[in-house]
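To start, the structure itself, in structure tokens.
Please treat every number below as a calculation from the coordinates, not as lab data. All values derive from a computational prediction rather than experimental measurement. Every residue, glycine among them, receives a Cβ derived from its backbone with ideal geometry; neighbour counts consider all protein chains shown.
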There are 2 protein chains.
Amino acid sequence: MVFANYLQVVQHCDSVTYNKDQQGIPFQLEDGTVVGTLLPRVVTALITYNNTMTPSPFLISGTHVQFNTHVTNMVERTQEVATLMTQWRKDKVFPALAGWRDELYAVYGPGGVPAFVMERAATPLFGISTFGVHINVFGRDQDTIKMWVARRSLTKQTWPGLLDNCVAGGIPYTYSTKETVIKECDEEASIPASIAAHAKSTGAVSYYTMSEHGLQPETEYVYDLELPTDCQPTPKDGEVECFYFWTLDQVKDSILKGDWKPNCALVAIDFMIRHGHITPDNEPDFIDIMYHLHRKLEFPSPKKTLEIKHQP
Amino acid sequence: MVFANYLQVVQHCDSVTYNKDQQGIPFQLEDGTVVGTLLPRVVTALITYNNTMTPSPFLISGTHVQFNTHVTNMVERTQEVATLMTQWRKDKVFPALAGWRDELYAVYGPGGVPAFVMERAATPLFGISTFGVHINVFGRDQDTIKMWVARRSLTKQTWPGLLDNCVAGGIPYTYSTKETVIKECDEEASIPASIAAHAKSTGAVSYYTMSEHGLQPETEYVYDLELPTDCQPTPKDGEVECFYFWTLDQVKDSILKGDWKPNCALVAIDFMIRHGHITPDNEPDFIDIMYHLHRKLEFPSPKKTLEIKHQP
């Protein structure tokens, strides 16, 4: 998909309507905290599943879905959702579950405390808010910033062959963001921990995207990592085909050509805004772009800073 | 006002409810584009004024306020608002107008084109969305970033004696943002244009604040300017009492103590987020803070990049 401007690029990713009434059926906890959203096709499948189970694990009304009253704590919620998703995966009800990753994501409830955890591939079915890290890895050619851009593996299940931020990954349950950064720098780009530790937190990009798999409210913590001239990223775990070392003009052209995985284009645009390459004087949609990079998601987010437990 | 944490700081500034129905009466153009909001006390005064004029310049209903049908273009809208505000200023109807500045701000309509212009001091009465520049001026003490912080003049009409970003100012009608940056660097801090020209655009901070003067949806374009070691800001136009060269820990402490003008604290917090001093691992409210720094304002914003006309 070719874009006429950057506003189209960010709107293509932050694509879910701002009108709450049109987003789907809220999935809520017993205290009314909304933690996700179900599209009509998911509600239909959930009604069918619910009718086969005694007692029914969910309460489903025309206005919302929640756990049944006998499901009251984190372990029970986690178990009910795991049983459901395992059944749907077995029955091939939703293509999203073909990408099963055996990776647990936290679903945050009141106070930013995890209410339960669930398989990552299942989160779009319940429209769960997820959190990841994206790292802009860059260097300098004399005084000019150049960015390391990843080409995703042609065999990757999602978005094969598209361009990506140099390093990115979901935050597994119990990892801090910086630990995730260091882990992913190693796994995806062979960047040693001694260098990755210099990655600088610079903010977050948030958006609400609709994909073939469902509803994805996502927050990506953004880091910048400047590599010394004698260091360059190298593919390691098979997720990346190759890396390019591009000027920001090359990055901009490739974004407008639609060569990027949509959410990664947002992270690259945020980088170019923060580094003065997209400015209010050269970009007429500057403010609207800022809004789409920082969509306010109406779900709880993690509040507790985690102890650092995973030393690389 | 002492704050317990940075979330309180940003909420203190981005203080207007997200519930549109509770914000006030929309002020709209003839095509329905909402360009501002009137608090009940302003509506009451406007009804009184409107009744003294023939023909009445405004149409006032229980749901919205707009120009009367004979007011159809930019010149006429500008004139009607100027006549109104001049009258209110003369009659001392609102304290906001005691701070009359003889500075015109654009009120943007459909397509980001100015629908009319109005006196800066009057914008909170109509809840007009305004645009300014704030420049984080910083230096380094060896490898440590230190920030130049301004103490506002004790005789300034608004927020006397509070801390402020080193340089800041509203964008006058017909100025580009970068021109405004260069103009304000000179006027407020005696920073020569040759150095100010290196200020780097890094994004924008937006918030919706309620002050004693009314409703202020504001967008501040944010610039970073690193000063060479032999350069330091010096007060010039009497708006600044003095400048401090502070570590970011000193900046953080002073923000929590409530020593800052509220919106300037947001700009400083944005700086510390972008420079890796406030991170998702050390700040439990990181995401909520990001939202308040990037409030989506439901008013048109400038879309046209302006020709550079004002060379310093």
Checklist entry - Between region B:91-123 and region A:1-58, what's the alpha-carbon centroid distance in Å? => result 42 Å
Checklist entry - How do B:I195, A:I287, B:I25 line up, fewest other C-beta atoms within 10 Å first? => result B:I195, B:I25, A:I287
Checklist outcome for this item: Hydrodynamic calc, region B:20-126: Kirkwood Rh from Cα pairs, then Stokes-Einstein at 20 °C with viscosity 1.002 mPa s, so D in µm² s⁻¹ is 153 µm²/s
Checklist entry - What's the exposure ranking of B:S176, A:S129, A:S15, going from fewest to most Cβ atoms within 10 Å? => result A:S15, B:S176, A:S129
Checklist outcome for this item: Once Lys and Arg are counted +1 and Asp and Glu -1 for all other residues with Cβ under 9 Å from that of A:L293, the total becomes -1
Checklist entry - Listing B:D253, A:D224 from the residue with the fewest other Cβ atoms within 10 Å to the one with the most, what is the order? => result B:D253, A:D224
Next on the checklist: Please state the shape class of chain B: rounded when a/c is under 1.5, otherwise prolate if a/b exceeds b/c and oblate if not, all from the C-alpha gyration tensor.
Outcome noted: prolate
Next on the checklist: So the label point goes 7 Å from the Cα of B:D21 along Cα→C-beta, right? Which residues of region A:14-34 then have their backbone N under 15 Å from it?
Outcome noted: A:20-21
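Please figure out what share of the DSSP beta bridges in chain A is antiparallel and state it in percent, rounded to the nearest 5.
75 percent
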Checklist entry - How many Cβ atoms of partner chains, on average, are near each residue of A:269-276 if near means within 10 Å of its Cβ? => result 3
Checklist entry - Which whole number gives the average, over all residues in A:196-203, of C-beta atoms from other chains lying within 10 Å of the residue C-beta? => result 5
Next on the checklist: Take A:T52 and B:Q87, extend 7 Å from each Cα along the Cα→Cβ direction, and tell me the distance between the two endpoints in nm.
Outcome noted: 7.3 nm
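Taking 4 °C and 1.567 mPa s as the conditions, I'd like the Stokes-Einstein D for the protein assembly as shown in µm²/s, using the Kirkwood hydrodynamic radius from alpha carbon pairs.
On the way: Rh = 26.2 Å.
Calculated translational D: 49 µm²/s.
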Checklist entry - Of the GluC sites (Glu not before Pro) in region B:1-82, which ones lie in a loop per DSSP and count no more than 16 other C-beta atoms within 10 Å? => result B:E30
Item to check | Calculated [θ] (222 nm, deg cm²/dmol) that DSSP helices of n ≥ 4 give over chain A, each run adding -39,500 (n - 2.57) | outcome: -8000 deg cm²/dmol
Checklist entry - Counting alpha carbon pairs within less than 8 Å and at least 6 residues apart, what relative contact order, in whole percent, applies to chain B? => result 23 percent
Item to check | Percentage, to the nearest whole number, of Cα pairs in region B:220-282 over 17 Å apart | outcome: 52 percent
Checklist outcome for this item: Going through A:K252/B:K20; A:K20/B:K303; A:K156/B:K303; A:K20/A:K236; A:K183/B:K257 one by one, the pairs whose alpha carbons sit over 31 Å apart turn out to be A:K252/B:K20; A:K156/B:K303; A:K20/A:K236; A:K183/B:K257
Item to check | Antiparallel %, DSSP beta bridges [both residues in the protein assembly as shown], to 5 | outcome: 75 percent
Checklist entry - Normalised by the number of residues in region B:20-126, what is the relative contact order in percent for Cα pairs under 8 Å and 6+ residues apart? => result 24 percent
Checklist entry - Do any GluC sites (Glu not before Pro) in region B:181-290 lie in a DSSP loop with no more than 11 other beta carbon atoms within 10 Å, and if so, which? => result B:E212
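What is the mean number of Cβ atoms from other protein chains located within 10 Å of the Cβ atom of each residue in peptide A:141-149, rounded to a whole number?
Taking all residues of A:141-149 together, the mean is 0.
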Next on the checklist: Please report the spacing between the Cα centers of region B:195-257 and region A:163-209 in Å, no decimals.
Outcome noted: 30 Å
Checklist entry - Can you list the trypsin sites (Lys or Arg not before Pro) in region B:248-303 that are in a DSSP coil and have 13 or fewer other beta carbons within 10 angstrom? => result B:K257
